[in-house]
Amino acid sequence: MLNFPYQKILVVRLSSLGDILLTTPLIRSLKKTNPKLEIHFLLREEYQDVMINNLFLLRLITIKREDSSSKIKDILRQNKYDFVIDLQNNLRSRYLTNGLKCPKVRFRKLSWQKFLLVKFKINKLYGTPPIPERYASVIKELKLDDEGLDLFTNKKPSEKFDGLKNLIGFCPGSRHYTKMWPKEYYIELGKKIMENGFNLVLFGGKDDKINCDEISFYLSKCINLCNDNDILQTAADMKMCKTIICNDSGLMHAACAVKVPVIAIFGSTVKEFGFTPYRSKNLILENKSLTCRPCSHIGKSSCPKGHFKCMKEITPQSVHNSLIRFLDQ
């Protein structure tokens, strides 16, 4: 039984989309242990929509990149927290919370283990739990439920669907090049999918606009719902899909959070880092034959070896075959 005597707590995870979504099982499970618990969440302003409708939070505190840290520290001090859970654990989050006169716990990043795996392929992360469970481990004896991630949206699906059924979603973007399956492969796969009677939907944010527009150009009958980082609209639209095919990205976690099955294509990153689809129906496709994987734990702007085999050897035909089997399960 969890002994958690605190009444007012602060959870800190400043960024990014996927990392913030991965905190939601901890928040929900903590709240379930004590419905009267007051949970505040500190995050960067551009990600506030991820948590704005979260049923288990009392208050969001947002911070801009350019905000004075002393101003935020004053706000936090005035709130008189009993306990702080720092899941960011970087210089800024430590600076913001160090002056708070209450117990604190911080997420253990396992940076040395990641370094060994990336640089020397020495795997000390084998068997390491996924990130939501590692977040939860900062509180002894806290057990997560089986409900996965949360992303609550109050928006209606796009009118562009116009009654269409049999929808498959693509999320072709990611923050780093080596985590992105080639757009020409998405185009080829899209043609195969539509030939088989499915309707195709593209999802993305501001940084994905060029990719989505180019894919849409070659797949003229697809529905391009790439937007200006409106995650609540994207979440509502994702719910319309039978499954979503994506890279290792924040939108992968968003799809999981709205309970849509995902097929995730992993390139330069590997499952051991813990950022896999959590508690949702999923299939991870990866090239396990390469000795150069992983080349980074977050992704790179180019392939260090120049061949990009981690992605290029995962063919559109193989993904299509996997999709058909996945849908039949």
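Of note:
- Three-way shape call for region 262-329 based on the alpha-carbon gyration tensor, with the a/c threshold at 1.5: oblate
- C-alpha long axis of helix 24-33 to longest principal axis of the chain, angle in °: 40
- For region 79-186, the residue among GLY99, ASN79, TYR186 whose Cα projects farthest onto the positive side of the dipole built from Cβ charges is GLY99.
- For region 8-136: rounded, prolate or oblate by the Cα gyration tensor [a/c cutoff 1.5]: prolate
- The eigenvalues of the Cα gyration tensor, multiplied by 5 and square-rooted, give region 141-197 an equivalent ellipsoid with semi-axes of 29, 22, 13 Å from largest to smallest.
- Here VAL260, VAL12, VAL201, VAL138 are placed in order of increasing Cβ neighbour count within 10 Å, fewest first, which gives VAL138, VAL260, VAL201, VAL12.
- In the list [x] 29, 48, 21, 2, 0; [y] 30, 60, 10, 0; [z] 31, 56, 13, 0, the label attached to P(r) over Cα pairs in 20 Å bins from 0, in percent as derived from the coordinates here is [z].
- Relative contact order, percent, region 8-136 [alpha-carbon distance under 8 Å, six or more residues apart]: 27
- Each residue of region 228-233 was assigned a 3J(HN,Hα) from its phi angle through the Karplus curve 6.51 cos²θ - 1.76 cosθ + 1.60 (θ = phi - 60°); the sequence is 8, 6, 8, 5, 5, 5 Hz, with glycine and proline shown as x.
- Loop-resident sites, region 26-76, for trypsin sites (Lys or Arg not before Pro), counting at most 13 other Cβ within 10 Å (DSSP): LYS36, LYS64, ARG65
- Distance cut-off 20 Å, percentage of C-alpha pairs in region 159-328 lying past it: 47
- Interchain or long-range residues, amide H under 5 Å from LEU200's placed H: ILE168, ILE223
- Karplus 3J(HN,Hα) series, Hz, for region 187-204 with 6.51 cos²θ - 1.76 cosθ + 1.60 (x for Gly, Pro): 5, 5, 5, x, 4, 5, 5, 5, 5, 8, x, 8, 9, 10, 10, 9, 10, x
- Mean Cα-pair separation over length for the chain, i.e. relative contact order, pairs under 8 Å, 6 or more apart, %: 18
- In order along region 146-161, the phi-based Karplus estimate (6.51 cos²θ - 1.76 cosθ + 1.60, θ = phi - 60°) of 3J(HN,Hα) comes to 9, 8, x, 8, 10, 8, 9, 10, 10, 9, 8, x, 4, 5, 5, 5 Hz; Gly and Pro are listed as x.
- Amide H contacts for ILE245 (H built 1.01 Å from N in the peptide plane; partners 5 or more residues away or on another chain; cut-off under 5 Å): GLY169, PHE170, CYS171, ILE263.
- Once backbone amide H atoms are built at 1.01 Å from N, LEU285 has ALA264, ILE265, PHE266 as its partners under 5 Å, excluding neighbours fewer than 5 places away on the same chain.
- Full-stretch length increase - SER137, ASN154 - with 0.36 nm per residue and alpha-carbon distance subtracted: 3.0 nm
- Remark: LEU76, LEU232 ranked as LEU232, LEU76, counting other beta-carbon atoms within 10 Å and listing the fewest first.
- All aspartates and glutamates inside 16 Å of LYS156 as judged from Cα atoms, apart from same-chain residues fewer than 8 positions distant: ASP49, ASP230, ASP237
Each reported figure results from applying straightforward, stated rules to the coordinates on display, with no laboratory input. If you're wondering where the values come from, they're calculated on a predicted model, not measured in any experiment. As a convention, Cβ positions derive from the backbone with ideal geometry for all residues, glycine included, and neighbour counts pool all protein chains shown.
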